[in-house]
Amino acid sequence: MAYREQNRSGTGARRALRLGVFVVLAVVGGFTLGWFTAYSSALPYPRFEWGGGRAARDSEADLRPPGAPPGLYSRSRSDDGASGVTINEADAVFPGVNLIVSGHVPEALLMDMEGRALHRWAKAFADVWPEDERAADENGAHYWSHATPGPDGTLLAIYDGLGLVKLDSDSGLVWSYRGRVHDAICPTEDGAFCTLERVDVSPDGEGGLAGGTADVITFLSAEGEVVRRIPLLEALGNSPYAPLLKREPAGGALLRANAVRPLGDALSNESPAFAAGNLVVSLPDIQAVAVVDSETEEVVWALAGLWRSMSGPVLLENGNMLIFVDDVGGHESDRTASEVRELDPFTQQTVWAYPGDATRPLQSASGGACQRLGNGNTLISESDGGRAIEVTPAGDIVWEFLNPHKAGSDGELVAAIPELLRLPASFGSGWVGEGE
Amino acid sequence: MSVTGEGGDRGRGASRRAWLARVILLLVVVVVAASYGSFVRRTGVFPHRVASSAERWGWRTWERIKFRSEGRPSGRWAEARGPAASRELTDAEQDELEALMTLGYVSGSKPASDDGGVTYIDPERVYDGYNLYTSGHAAEALLLDMNGRTLHRWSMRFLDVWPDYEGPGRDHANKVWRRVHLYDNGDILAIFENVGIVKLDSESTLLWSHAGGEHHDLDVADDGSIYVIQHEKRVVPRVHAYQPVSEDFIAILEPDGKLRKRLSILEAFERSDYRAVLESMSRWGDILHTNTIEILDGSRAGDCPAFRKGNVLICVRQLDTIAVVDMEEGKVVWALTGRWRLQHQPTFIPGGNMLIFNNRAGLDAHGEPMSAVLEFDPLTQETYWTYDGNMPGGLYSPTCGSCERLPNGNTLITETDNGRAIEVTPAGRVVWEFINPKRAGKDDQLIASLYEVIRIPPDARLDWMSGD
């Protein structure tokens, strides 16, 4: 009996020992597994991004602020209730008329320097594509992100990510193009133009490319027919600048663009990359401004590292580049700092910059626009702030427009100004007034 | 029988349940432990220190076992791929080779010798001179003539300089020299990678040493001061809250080896317009891996103020970026990225263009990875000349690598991991090839990394060598 008891307790001890060893091995094995998955960021460990992650910032940018109606709104930064044209130093401004698109409604307004409306184009999404009820509920159906007027009073306008229309001066529909177009309309020749369009990209087994969306440059005829497309992913991937693609963008977007413009001939004698007709594009996912050869359809020049994200680069007649830097970057920044920069694309030296002033630093994380005017002033659309300003080379604000379209329970939200464009004072003579 | 059967079924059922319970227990324990392991790795809570030490010990042991099985000595070695001529050529390459034969390219060259060294030379087309090289086999530098004959040797054992050294790599008693600089009088500066720099006279007598974590590259200014890359492993809270990272510095040493100034490359980026470059920086380990330093002579300052005399060109491998640092302002004033990956040795050449060794230049015509040497205008970015893995001479070095434009227009390229250096003409013809004769492994399958071959001009003063 004693032997049996002893034997039983011996077996129990062995079992306990075995269980103990088993648990210790499982703990060590499991810990090691977890340690190395975290080390290599392998599944199931979630993807980890530097400094809080660009993905997080991008998704935040896509979110509407609480209480905002459909459209493009952000928190207002002017608390004195002023709106419309608040500064207009007639002697210092570059005179003309202003075309503005705003985040509150799909319309474009032509107004004089005092802010008086001269002409208005407007078209509800449902009037263009009545059968597309689902798309009519999307945010992009509630505003135009870009508009380009023609001398005859026609207007090309983009429903952000949903489609493009051509309207006559009475806002009658000339034609429409349904596609995920966004951000840019650039006239090329004979009424033709190019724009940016988002397409789906299938996973690429060979290159290890994950599926997602990427942008193409779409060329449309004056009648709105697609003439050709330049896929930017291929334009970059087949070029010497392919290493830029290693900068993995966020949120399934493989390569997004937010601006495209044909180059003039300011630098065509300095570098073949800058031949007139080539296209300068802004690629915020890889933090690069690039030039695409319009014939070979390859990237032939790129500049990265000077900004975290940017929009609206334009080559000036003096050979410099004017860029709206949405976010100047720096991992210690706790807030977005924007800046409009004029730089020499070759030496990379900044020759002029406007970061705002102490009372109102420039701040528009989701983009902006800039235009060099005939007198050397610069017109800046601070999109997120719902503000446009004209600044002198010395940085003095000589004209300011604050978007009067507010929202929120206390008017704390303001509709964005994706772009305010200065046109010659004579623009619209002949048809302005007819539609009013 | 039936009672026994029911009991047996019950017994089997109980046993199955017990087995299932064990499996569930195992899964629960593993999942909980794995979650905690991931958490520890990312947050540094207990037992991060113990686990990190265990990981390091594991890697070291694995390396020791692997190296022992390969017969690999200490130093830096890689699998030898042999001379490019031995690989299968495409039809186009074969045609080009035959065309070159008619030009006397191969016919005028020396046959490859079994023991390596200079495998061929086209005396008509090479830039004559001497060759100074360092290699992964030992802490020494050798001076060769164009035919591969050793003219002089400098050497110094690591532990003879720092006998009390207790840092990483203590086992590597023959820690090797990564870079050297030869003075006119035969003195030489040599970098013991990641530890320090020494100055020896022509007889390899130690003149001074400085242990500041020097690595990769150095350059000597007109006034004799020495610009060198250093690193320091330390916690940089804005990069990682608790994990030490390897941070790089540009150090300026007095001609006698005393530290005059040190500038953090990380901070130089942070206080510049180029701080967005750091967006892609890793938060772990070797965050920058700066591998080149060159003092600018100001010859292109008229075109770009960033290139003024005294500014410093660096190559930051982990950011795929080359940059110019203003040492007075302590910030980056120019940078370029986008055309290369894990690149080495950007260098200004006469005329104002730049050469660079692009380690990962994509795939060659055979679908194999290749490297490329580019000559480009640093301002317009226009490419003027390329030599890459598609040329008959081939080129691939996943790490390291070097390039130098010679006075006759040829380019001397060091393909480090293949233990090979070639001199190529502007048309891409190989006119000189050197294969590192330092081999190891059971079947001599390993070749010592050839860090850099420097061509010394034919009229260089070598009277200090009279004793050899």
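Could you tell me which of the pairs B:LYS199/B:LYS438; A:LYS123/A:LYS406; A:LYS246/B:LYS331 are separated by over 22 angstrom between their Cα atoms in the structure shown? Kindly include the intermediate steps, with their values, before the conclusion.
Working: B:LYS199/B:LYS438 24 Å; A:LYS123/A:LYS406 20 Å; A:LYS246/B:LYS331 26 Å.
Going by Cα-Cα distance, B:LYS199/B:LYS438; A:LYS246/B:LYS331 fall outside the 22 Å limit.
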Q: Sticking with the crude label model, points 7 Å out along Cα→Cβ, report the distance from B:ASP9 to A:SER221 in nm, one decimal please.
A: 8.2 nm
Q. For the protein assembly as shown, what does -39500 (n - 2.57) per DSSP helix run (n ≥ 4), summed and divided by total residues, give at 222 nm, in deg cm²/dmol to the nearest 500?
A. -5500 deg cm²/dmol
Q) To the nearest 20 debye, what is the magnitude of the charge dipole of the protein assembly as shown about its Cα centre, counting +1 on the Cβ of each Lys and Arg and -1 on the Cβ of each Asp and Glu? A) 5620 debye
(Q) Just to confirm a number: summing +1 for Lys and Arg and -1 for Asp and Glu over residues other than B:GLY71 whose beta-carbon lies under 13 angstrom from that of B:GLY71, what do you get? (A) +2
Q. In a shell of Cβ-Cβ distance under 13 Å around A:GLY312, excluding A:GLY312 itself, what net charge do Lys and Arg (+1) and Asp and Glu (-1) give?
A. -3
Q | Highest-first arrangement of B:199-211, A:100-112, B:360-372, B:46-58, where packing means the average Cβ count within 10 Å | A | A:100-112, B:360-372, B:199-211, B:46-58
Q. Excluding B:ARG157 itself, what net charge comes from residues whose Cβ is under 12 Å from its Cβ, given Lys and Arg +1 and Asp and Glu -1?
A. -1
Q) Where the only charges are on Cβ atoms (+1 Lys, Arg; -1 Asp, Glu), what is the dipole of chain A about its Cα centre, to the nearest 20 debye? A) 2760 debye
Q: Enter the mean number of other protein chain beta carbons within 10 Å of the beta carbon of each residue in A:340-350, as an integer.
A: 4
Q. Considering only A:ALA117, A:PHE193, B:PHE39, whose Cα is most displaced toward the positive end of the charge dipole of the protein assembly as shown, charges sitting on Cβ of Lys, Arg (+1) and Asp, Glu (-1)?
A. B:PHE39
Q) Which distance in nm do the two modelled labels at B:MET465 and B:ALA54 give, with both placed 7 Å along the Cα-to-Cβ direction? A) 5.6 nm
Q.
Could you tell me the center-to-center distance, by alpha carbons, between the range B:26-87 and the range A:260-337 in angstrom?
A. 42 Å
Q: Using a Gaussian network model of chain A whose springs link C-alpha atoms within less than 10 Å, name the residue from A:HIS146, A:HIS182, A:HIS405 with the highest mean-square fluctuation.
A: A:HIS405
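Let me confirm one metric for peptide A:298-304, namely the mean number of other chain beta-carbon atoms within 10 Å of its residues' beta-carbons.
Mean partner-chain Cβ count within 10 Å for A:298-304: 4.
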(Q) With +1 on the Cβ of every Lys and Arg and -1 on the Cβ of every Asp and Glu, and nothing else charged, how large is the dipole of the range B:81-465 about its Cα centre, in debye rounded to the nearest 20? (A) 940 debye
Q) Does the range A:71-175 come out rounded, prolate or oblate by the C-alpha gyration tensor, with a ≥ b ≥ c the root eigenvalues, rounded set by a/c under 1.5 and, if not, prolate when a/b is larger than b/c and oblate if not? A) oblate
Q: Find the centroid of the Cα atoms in the range A:10-41 and in the range B:436-451, then give the distance between the two in whole Å.
A: 43 Å
Q: Once you've got the GNM for chain A with C-alpha springs shorter than 10 Å, pick whichever of A:PHE125, A:PHE31, A:PHE219 has the biggest mean-square fluctuation.
A: A:PHE31
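Take the alpha carbon atoms of the range B:81-465, find their radius of gyration, then divide it by 2.2 N^0.38 Å using N residues; give the quotient.
Normalised Rg, Cα atoms only: 0.97.
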**Q.** Positive-end residue of A:GLY161, B:VAL29, B:VAL235, charge dipole of the protein assembly as shown with Cβ unit charges
**A.** B:VAL29
Q: With springs only between Cα atoms under 10 Å apart, run a GNM on chain A and tell me which of A:GLY385, A:GLY20, A:GLY191 wobbles the most.
A: A:GLY20
**Q.** Cα long-axis angle, helix A:2-40 against chain A (0 to 90 degrees, to the nearest 10)
**A.** 20 degrees
Q. For chain B, what is the relative contact order in percent, using Cα pairs closer than 8 Å and at least 6 residues apart in sequence?
A. 15 percent
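Counting only other chains, and only Cβ atoms inside 10 Å, what mean value do you get across the residues of B:267-279? Write out the running numbers ahead of the final one.
Working: counts 0, 0, 2, 3, 1, 3, 14, 7, 10, 14, 6, 8, 15.
Partner-chain Cβ atoms within 10 Å, mean over residues of B:267-279: 6.
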(Q) Need one word for the protein assembly as shown: rounded, prolate or oblate. Basis is the Cα gyration tensor (sqrt eigenvalues a ≥ b ≥ c); a/c below 1.5 gives rounded, then a/b vs b/c decides. (A) oblate
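Readers should treat all values here as calculations from the given coordinates under stated rules, not as data from a laboratory. As the structure is a computational prediction, the values presented were derived from the model and not from experiment. For neighbour counting, all protein chains shown are included, and Cβ atoms are generated from backbone atoms with ideal geometry for every residue, glycine included.
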